[in-house]
Amino acid sequence: MNSINQNQPEMNHQDLYGADAVRKIQELVKLAENCFFCTSLENGPASSARPMNIREVDDDGQLWLLCASDSFLYEELIADPVVRLYFQGSTHSDFLQLTGRATVTADKAKIKQLWEPILKTWFTEGLDDPRIRVIRVSPTEGYYWDTKHGMAVAGVKMLIGSLIGKTLDDSIEGELHV
C-alpha cells in the first residue's frame, strides 16, 4: 500500500461486481456522456484515440455507440475489436476506464433506438443513412475513481485534512467486474 493510503483513516478501495459494477458504469458514463475511444490495442504499438459519444449503457453494462462504415474507426474495429474507453465526468472525480470487445452491426432497430436529429451532422442522409453502424462494447475489465459522498463533502474533508495535516480523502476506487 502506498503512503497516501497508509495515511488514510477511511476505506478508499472497493471492487464492484455484477449489478453493482453495471450501476457504477451507468452512473459515471451518464456524467461524462463522452469518452476517448481507443482502438488498435492488439495490432500495433500505438492506439488510435478519438472522442465518442455514448448513446446508451444497457442493464448488462454494454455500451452502445454509432459510427460510419467509411470511417477509420470502423476499419480499426474490423481489424482489432479490443478497445479501451476513458471517461472523465468532472474535474476532480467521476473517472472511469473500461477495456472490452467491440462488435459492429447495421441493426436498423438499434440505430433507430439510438438516433436523435443532431446526429444528422455526421450522418447527412439522416436516420436512413446507409453508412450508420452500431458499435456494442462489452466490457471485460474496468477501473473507477470517484468520491464517496460527492464533491462538497470531498472538498470539506480536503480542507480539514490540510489544516490538521492528515489525509481525509473522500475518494474511492476499484476494479469493475461486469
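Of all residues in segment 103-116, those that are more than 14 Å from ARG55 (Cβ to Cβ) have Cβ atoms under 8 Å from Cβ atoms of residues that are assigned to a loop (DSSP other than H, G, I, E, B), 6 or more apart or on another chain, in THR103/PRO81; ALA106/SER69. Scanning segment 25-37 turns up one or more residues that are open to solvent by 40 Å² or more (accessible area, probe 1.4 Å), of a type in the set (A, V, I, L, M) and outside any strand (DSSP E or B). Being more than 28 Å from ILE172 (Cα to Cα) and more than 21 Å from the chain's Cα centre (by Cα) is not true of TRP115.
Picking from residues in segment 14-62 that are at pLDDT 95 or above and of a type in the set (S, T, N, Q), the one that is nearest to ILE172 (Cα to Cα) is GLN26.
Does VAL57 fit the bill of being within 22 Å of VAL22 (Cα to Cα), over 10 Å from the mean Cα position of the chain (by Cα) and surrounded by 14 or more Cβ atoms within 10 Å (Cβ to Cβ)? So VAL57 does not fit the description; no.
When residues in segment 72-91 are screened for being open to solvent by less than 90 Å² (accessible area, probe 1.4 Å), touching a residue at least 40 places away in the same chain (Cβ under 8 Å) and either within 16 Å of TYR143 (Cα to Cα) or assigned to a loop (DSSP other than H, G, I, E, B) (or both), 7 of them pass.
The requirement of being at pLDDT 95 or above and over 27 Å from CYS38 (Cβ atoms) is fulfilled nowhere in segment 137-151; no residue meets it.
If only residues of segment 92-109 that are outside any strand (DSSP E or B), touching a strand residue (DSSP E or B) at 6+ places or on another chain (Cβ under 7 Å) and modelled with pLDDT of 95 or more are counted, the one that is least open to solvent (accessible area, probe 1.4 Å) is ALA106.
The values are calculated or read from the model by the stated rules, or taken from the named source; none is laboratory data. Values in this document were obtained by computation on a predicted structure and should not be read as measured data. Note that we place each Cβ from the backbone using ideal geometry, even for glycine, and neighbour counts take in every protein chain shown. Protein only, heavy atoms only, side chains kept; ligands, DNA and RNA dropped before computing areas. Shrake-Rupley method; radii C 1.70, N 1.55, O 1.52, S 1.80 Å.
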